[in-house]
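Encoded as structure tokens, the structure appears first; notes follow it.
The values are calculated or read from the model by the stated rules, or taken from the named source; none is laboratory data. All of these numbers come straight from a predicted model, not from anything done at the bench. So basically every Cβ, Gly included, is an ideal-geometry build from the backbone, and we count neighbours across all protein chains shown. What goes into the accessible areas is simple: the full protein's heavy atoms, side chains included, and nothing from ligands, DNA or RNA. Shrake-Rupley method; radii C 1.70, N 1.55, O 1.52, S 1.80 Å.
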Amino acid sequence: MKVITQREFRNQSAAVMDAVEAGETYHITRNGTEVAELRPLTRRRQPTTEELLAQARLLPRIDAAAMRREADEFFGSEDRLGDDDDPFERV
């Protein structure tokens, strides 16, 4: 961690930002008092397609018929769309 003044930060902002991008952390002072910390963001790695598929294989199977029965018991079935109706069909 480096400590720099507000003036140094202003005058050398491009070099400071390059250092932060490379992993350096700065504390910025104003009138001798630390007022800010400038540090790199932690970036989350994007999972690969293979990793996502492996995770999806671990998910439990869904029994659609059982889910429909439970929903009908809870909500009732009188206002439900028919099995042939597609709620996402564009009209």
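Numbers at a glance
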| read-out | value |
| --- | --- |
| Subset of segment 4-19 (residues that are under 31 Å from the mean Cα position of the chain (by Cα), closer than 17 Å to residue 35 by Cα and not aromatic (Phe, Trp, Tyr)) | 13, 16 |
| Tabulated pairs, segment 1-19, first basic (Lys, Arg), second open to solvent by less than 70 Å² (accessible area, probe 1.4 Å), C-beta under 9 angstrom, 6+ apart or interchain | 2/16; 2/19; 2/24; 2/25; 2/26; 2/27 |
| Neighbours by Cβ (under 8 Å, 6+ apart or cross-chain): first from segment 47-66, more than 30 Å from residue 77 (Cβ to Cβ); second polar (S, T, N, Q) | 47/55 |
| Selected residue (criterion: modelled with the lowest pLDDT) from residues of segment 27-82 that are over 33 Å from the mean Cα position of the chain (by Cα) and surrounded by 10 or more Cβ atoms within 10 Å (Cβ to Cβ) | 80 |
